[in-house]
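My questions all concern the structure below.
The values are calculated or read from the model by the stated rules, or taken from the named source; none is laboratory data. A quick note: this is a predicted structure, and the numbers were derived from the prediction, not measured. Glycine gets a Cβ as well: all are built from the backbone with ideal geometry, and neighbour counts include every protein chain shown.
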Amino acid sequence: MDEETFVFGSFRLVPAQRKLLDNGKPLRPGSRALDILITLVEHAGETISREQLIAHTWPDTVVDDGALRSTSLGCVTRSAMAERVDAMSR
C-alpha cells in the first residue's frame, strides 16, 4: 500500500508516518509545527481559516495568538534551516 507523500523543493512529507525529510535526511520539527505543516500541505491551494487550523492542530483546546505565533510554520522553517546549517558545518 502506497502512502501519500508530498514533495516540495528538497522536502518530502509523509503525513501517515509524521516524517519530514530534507534531501532524504529526517528533520525533527516540533509536533504542533508538524501538525500545522501537514494541515497546510493537505489543503494546498485552499484557504484555511485560523479556526480550521486551530481545530486541526489543537482539538479541544483553547489557543491564544501567542501559542499560534510560537508554533507557526516559521518555526518549521527555522528548525529545518538550523539542521541544514549544522550538517553543513560538520
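Hey, can you tell me all the residues within the stretch 40-60 that are in a loop (DSSP other than H, G, I, E, B) and not small (G, A, S)?
Listed by number, the residues that qualify are H43, E46, T47, I48, W58, P59, D60.
Kindly list, by first and then second residue, each pair from a residue in the stretch 1-24 that is farther than 17 Å from D35 by Cβ to a residue that is in a strand (DSSP E or B) and among the polar types (S, T, N, Q), limited to pairs with Cβ atoms under 9 Å and residues at least 6 apart or on different chains.
none
Could you grab the pairs with beta carbons closer than 6 Å, sequence gap of 6+ or different chains, first residue in the stretch 36-62 and at pLDDT below 85, second one part of a loop (DSSP other than H, G, I, E, B)?
Matching pairs, first to second residue: I54/V63.
Looking at R78, R69, can you tell me which residue is loosely packed, with under 15 Cβ neighbours inside 10 Å, more than 21 Å from R18 (Cα to Cα) and either modelled with pLDDT of 80 or more or not polar (S, T, N, Q) (or both)?
Unique residue meeting the criteria: R69.
Please enumerate the residues belonging to the stretch 11-39 that are buried (at least 16 other Cβ atoms within 10 Å of the Cβ) and part of a helix (DSSP H, G or I).
Within the stretch 11-39, P15, R32, A33, L34, D35, I36, L37, I38, T39 meet the criteria.
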